[in-house]
1. Could you pull the Cα extents of segment 1-86 along its three principal axes, largest to smallest, in whole Å?
2. Just to be sure I understand the model, the point goes 7 Å from the Cα along the line to the Cβ. What's the resulting L8 to E220 distance in nm?
3. Tell me, what is the 1.4 Å probe accessible area of E239, in Å² to the nearest 10?
4. Extension gain S138-E243, at 0.36 nm per residue separation less the Cα-Cα distance, in nm?
5. Could you order W127, W24, W258 by accessible surface area, starting with the largest, using a probe radius of 1.4 Å?
6. Measure up K219/K267; K42/K84; K126/K219; K42/K126; K10/K142 against 24 Å on the Cα-Cα distance and list the ones that go over.
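The values are calculated or read from the model by the stated rules, or taken from the named source; none is laboratory data. From a predicted model like this one, the values you see are computed outputs, not experimental measurements. Every residue, glycine as well, gets a Cβ built from its backbone with ideal geometry; the counts of neighbours run over all protein chains shown. For the accessible areas, the whole protein counts, side chains as well, though only heavy atoms, and no ligand, DNA or RNA atoms are used. Shrake-Rupley method; radii C 1.70, N 1.55, O 1.52, S 1.80 Å.
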Amino acid sequence: MTEDDRLLHKWRNYYINPSARPPWETSSPSSFVLALLPSLPKGSKTLELGCGLGLTSIHLAHACECRATAVDLVPEAVAQGRAKERELYPPEREEGVEGGRIEGSRGDDDRSAFTSEGERVGGGVKWLVGDLFTLLASPRHKGQYDLIIDIQCLHTFPSSLPPFPSSSPSPSPPRTRLALARLTHSLLKPGGRALIVVGNDKEKYGGQQGKMGPSLLSKEEVMEFCREGGLEEGGDEGEGLREGRFERTEAYGEHPPWCWVGVFRRKEDKK
């Protein structure tokens, strides 16, 4: 079993096993994203990486009239997220619109909720299930998004890949933090923003800290991956990289782990 297979098995178990609720899943849309809503016009295209149940994307699609796309590697997470969307916002079947669609699972020829250009006409999240590097490699995703949401996705990837024996080809594209930062840059519209929330290495120190939480990164590591990936700190008030805490979950309790929260913008080539 490869490391990727091991991680997928671990993550799937959280969604398959009712007693193993994912420690990162919140019960409401992300407050980090809600804070950006005043500067996010209706009709904005959003993309949530590693969406899990996708509560934030569901809120953006239905309550904020955004064109929301959500992607996750775990089929069970996407299926449960889609079911949650239908529970919260029942499909408007009388208008021929079925809220939410999993790309690939029902076939790309299912265009009931899309225009001929591929845009949704009836709202609902566009769900993608599978490897995000593969799914988002299509030219139709390039330069398309006003906001990309990465909450606890970037830090699940390694900073670099170990050397591969000559008989074993390395992954293509390489699945590293830098590769994800570069992919994020390529998916953003000019002027588009990326919200990145990752583990903070402050959790290594003191008391109960460090016992529950995600991979830990230093501020310098986060800035390096983003800078080399073509992302720069946003210039508006409240943007840039700052220290915070993850949102409360059943697992995190009253004192969630420390995190880094940053709003980055696509860096444009100087002419």
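1. 44, 25, 22
2. Spacing of the two 7 Å Cα→Cβ label points: 3.6 nm.
3. 30
4. Result for the pair: 34.4 nm of gain on full extension.
5. Ranked from most to least accessible, the order is W24, W258, W127.
6. K126/K219; K10/K142
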